[in-house]
Amino acid sequence: MRKPIDRRPARRHLLPLTLAAAVMVMGTTTGFAANNAYCDWEMKNHSIDEPLCGLKGNAENGRKLAIARKKGNCLACHAMPIPEHDFHGTIAPPLNGVGARLKEGELRARLVDIKQLNPMSLMPSFYKHPDKLHRVAKKFQGKTVLTAQEIEDIVAYLKTLTD
């Protein structure tokens, strides 16, 4: 039996335009982080007080990153007030109320390079200078685990966890 002919108009030409528009929107909202440019930071007194690259975080995006298995994946190790997910890790401290316990700069320092605060930590340093990473797969060489914007988004989300 022959397959029926699809007489709908082809829409393949719309895909490149849609992708271009998405890249333009993402580029305008994420600034430096759109191309994963690295910005220097300074830790003093267990804190990185200045936002990375001068970026402002978005708590809603930060929550999504905290849940995302391929990015932040905070739930793998931490219990969090995210009831729609059944599995929460237990090998790291719960993050309930962390926004009331730690200042923004202290949260940022833990995400950026936890090893400076606790060399024995199992948590990865999400924004360590790419040249200081060891044994990195080729496709990840020269990149941070998270972008500056993603760090700032997660910090913004963690600051909302005050109970």
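Derivation of every value follows stated rules applied to the coordinates shown; laboratory data play no part. Every value quoted in this text rests on a predicted model; they were computed, and no experiment measured them. Here Cβ is always computed from backbone atoms with ideal geometry, including for glycine, and neighbour counts include all displayed protein chains.
Site pair residue 96 and residue 46 shows an inter-label distance of 2.3 nm when each label is modelled 7 Å from Cα along Cα→Cβ.
Under 9 Å from the Cβ of residue 123, count the other residues' Cβ atoms, weight Lys and Arg +1, Asp and Glu -1, and hand me the total. The answer is +2.
Stretch residue 76-residue 163 to full length: gain in nm at 0.36 nm per residue minus the Cα-Cα span? Mind showing how you got there, number by number?
Details: separation 87, 0.36 × 87 = 31.32 nm, distance 2.08 nm.
Gain on extension, residue 76 to residue 163, equals 29.2 nm.
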